[in-house]
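Written out below as structure tokens is the structure these notes cover.
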Amino acid sequence: MKKSIQLLLIGSLISFNLSCYYDQDIEFPEEEVEIPDDQEISFRTDIEPLFSQSGKDCTLCHNGSIANPDLRIGNAFNQLVPDYVIPGDAEGSELFQKLPGNNHPIDAGFVLTNDEIALIRGWIDRGAENN
């Protein structure tokens, strides 16, 4: 009887210790990226393609029928400015606030990289031109 209680106690302690395993992997957030002032940012070549990348395709939902705005190539600029983008004010622009990786209202299944977010921020802060 004494031996079975000891075995039960030892088994319980082992189980307790194993259940307290803690994963030591720590993810550090990426640092904010700054786009150099002399780097041109083009809506057509830098920004619009971000919305339909393989594996990060915003247009699966933002396609003119499921969710607004329509981010398909050829439609995106007129859908974004001025309703979702305030030229010169990325922080105040709904597009920037709701990017996957910032505060997208649903789990998009992906996030944009800091470089991609910085490009969008730079484009908006520099006037959100249709170039």
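Where a number appears in this text, it was derived from the coordinates with a stated rule and is not lab data. This one's a predicted model, so the numbers in the text were calculated from it and none came from an experiment. Using ideal geometry, Cβ is built from the backbone for each residue, glycine included, and neighbour counts are taken over all protein chains shown.
Under 5 Å between amide hydrogens, which residues at least 5 positions from Ser52 or on another chain qualify, with H placed 1.01 Å from N in the peptide plane?
Cys58
Given labels modelled 7 Å from the Cα in the Cβ direction, how far is it in nm from Glu91 to Ile106?
3.0 nm
Using 7 Å Cα-to-Cβ label points, what is the Asn114/Asp83 separation (nm, one decimal)?
3.3 nm
Ranked highest first by the average count of other Cβ atoms within 10 Å around their residues, in what order do 53-64, 88-99 fall?
88-99, 53-64
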